[in-house]
Amino acid sequence: MIGASLICAGCGALHPWQAAEPWRCPRVRVSHDHDDTDHLLQRRIDTPLALPGDSHAASDADEPLPFVRFRQRLFAYHRARAMGVDDADFIALVRTLDAQVAAIAGTGFRSTPLRASPSLAKQLGLPSGSTLWCKDESENVSGSHKGRHLFGLLLEILVDEALASGQTLSAVLAERADRGRPLAIASCGNAARAAAVLARACGRRLLVFIPPTAEASTQAHLRALGADVTICTRAAPHRDPARHSAAGDPTYRAFQAAVAAGALPFCCQGPENGLTIQGAHTIVYELLDALGPRRQRLRHLFVQVGGGALLSAVVAALAEAVQSGLLSTLPRVYAVQTSAVAPLVRAYQRILAEISKALPATEYPAIAPSLFPRWAEILTQPAQQSAVRQALHFARQHRHAFMWPWTMVGEPHSLARGILDDETYDWACALQGMLSSGGYPVLASEAALAQAHTAAKQAGFLRVCATGSAGLAGLLTRMQEDAFSSEISDGEDVAVLLTGAER
Ligand SMILES: [Zn+2]
């Protein structure tokens, strides 16, 4: 018996827990020339989500290490238990690995601070009865939330290797060897930094594929940690923009080639490794845990979106909280993209068009960003749920009608350089989260990104970078654009994730 499962959100295939390398849907590996399904393995845990903070008697109530505190939400935990590993041994694995990370990074994984910011709330003009909560990831391992995705993934890899080899978890960890299978990642900065720390901590070789625009300090840091760095240059623009854009991110393509050649996908893109998502669930668990009963007032959550793994994790963790009775309703999630690169905004427009085909013939708003709030209001009405479900199902079967690489001529530029992904790889979960909660995407201008960054620092979030405060830029944009404050009812709280630190 195992208390968790892995199911493909695209085709419904179940990945048996005993099968090796549970990274991608088994049906992806079969060549389908005409298969446009968005295969994505999602882990499901059988038991309801419980928050240790709700039960002061629980042994985990004072546990600061998120991957111990919330270990029962990891697929690896259930897989290890099914192999006969006891709870104490799994905890020992997490603590040992965390100590090895701390020896490299100067800190291990700890619950990150959640702070109310009355000064930011006032500056933005939030209603006086609303609290603005800021979850600050800038002091996390490697200075961003990316380490959460990857630490969760590293636990999965270790458990997978123990299962395949018949060794104990501690023996696999002590081996400090990659068995000829290096880890691989494509990134423009923060994810690569986190991956390099974690790979070094467990003595694994890491292949990193980065663009030439990656900061010099990041490149030096990666090399100092022993990562094998490849710089991938974007091809010169094709005369036909459609043909050029079809190419996508060269770092991502190089990463895929490395995985095809045998490297392990140690990445932050769900379609390449579905188990990368769950590590960042811990951000939401911590947020809800820290809020206690006040969590019911949390009605609006702004999250920056590049590749989409973070938002995918946020949406899934909030859904678990609702299913488990910890939240009475889903907070509205708002995906914040930059005006420079916004493939998720495009996908949201495409799905509105798809949904509207199934709606009763009547007057609907035009499909334009300024009318997204109106659409969100319409689509959360019970009468429209069937049309929304059908459109999402259709979209997962027809990925390329909704998501394809943004047209880039040269390297794109934005203050929020960390979210300039060509594609929102985890787009479908992001759309589902917005459509089911009543949220919508928000485009932040460069001016808004700059203003939010300054405001965050003035409010005491001194380390945060402009990518890290992009979620706040989304809130600021909505407050400036129109009467967003009328969408916040009295007593409703708003939260933003501040995701990364400046270098
Ligand atoms: Zn599948």
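The values are calculated or read from the model by the stated rules, or taken from the named source; none is laboratory data. Every value quoted in this text rests on a predicted model; they were computed, and no experiment measured them. Please note: Cβ atoms are built from the backbone with ideal geometry, for glycine as well, and neighbour counts cover all protein chains shown.
Among the residues of the range 76-120, the ones that are among the β-branched types (Val, Ile, Thr), within 22 Å of Gln278 (Cβ to Cβ) and in contact (Cβ under 8 Å) with a residue 60 or more places away in the chain come to 5 in all. Restricting the range 17-52 to residues that are farther than 21 Å from Ala317 by Cβ and away from the ligand (no atom under 14 Å from the Cβ), the residue that is modelled with the lowest pLDDT is Asp33. Val345 fulfils the conditions (1) touching a helix residue (DSSP H, G or I) at 6+ places or on another chain (Cβ under 9 Å); (2) not in a helix (DSSP H, G or I) except for a single criterion, (2). When the criteria are applied in full, Ala201 fails the requirement of being under 29 Å from Ala88 (Cα atoms) and surrounded by fewer than 22 Cβ atoms within 10 Å (Cβ to Cβ).
Scanning the range 269-288 for residues that are of a type in the set (Asp, Glu) and farther than 13 Å from Phe67 by Cβ yields a count of 1. Of Leu154, Leu150, Leu120, all but one fail to be out of contact with any Lys or Arg (no Cβ under 9 Å at 6 or more places or on another chain), under 24 Å from Ala254 (Cα atoms) and at pLDDT 95 or above; the exception is Leu150. With respect to being at pLDDT below 95 and either crowded, with 23+ Cβ neighbours inside 10 Å or under 13 Å from Val229 (Cβ atoms) (or both), Gly180 falls outside the description. Among the residues here, Leu6 does not qualify as modelled with pLDDT of 95 or more, buried (at least 17 other Cβ atoms within 10 Å of the Cβ) and more than 20 Å from Leu158 (Cα to Cα).
Which ones in the range 381-394 are surrounded by 18 or more Cβ atoms within 10 Å (Cβ to Cβ) and farther than 10 Å from Ile355 by Cα? None - no residue of the range 381-394 is surrounded by 18 or more Cβ atoms within 10 Å (Cβ to Cβ) and farther than 10 Å from Ile355 by Cα, so the list stays empty. On inspection, Val336 does not qualify as part of a helix (DSSP H, G or I), touching a Gly at 6+ places or on another chain (Cβ under 6 Å) and under 25 Å from Asn273 (Cβ atoms).
Checking Ala61, Ala88 one by one, the residue that is outside any loop (DSSP other than H, G, I, E, B) and either within 16 Å of the ligand (Cβ to nearest atom) or more than 22 Å from the chain's Cα centre (by Cα) (or both) is Ala88 and no other. Hey, any hits in the range 3-10 for a residue that's in a loop (DSSP other than H, G, I, E, B) and either within 8 Å of the ligand (Cβ to nearest atom) or touching a Cys at 6+ places or on another chain (Cβ under 8 Å) (or both)? Yes.
Counting only residues that are crowded, with 24+ Cβ neighbours inside 10 Å and among the small types (Gly, Ala, Ser), the range 60-79 holds 1 of them.
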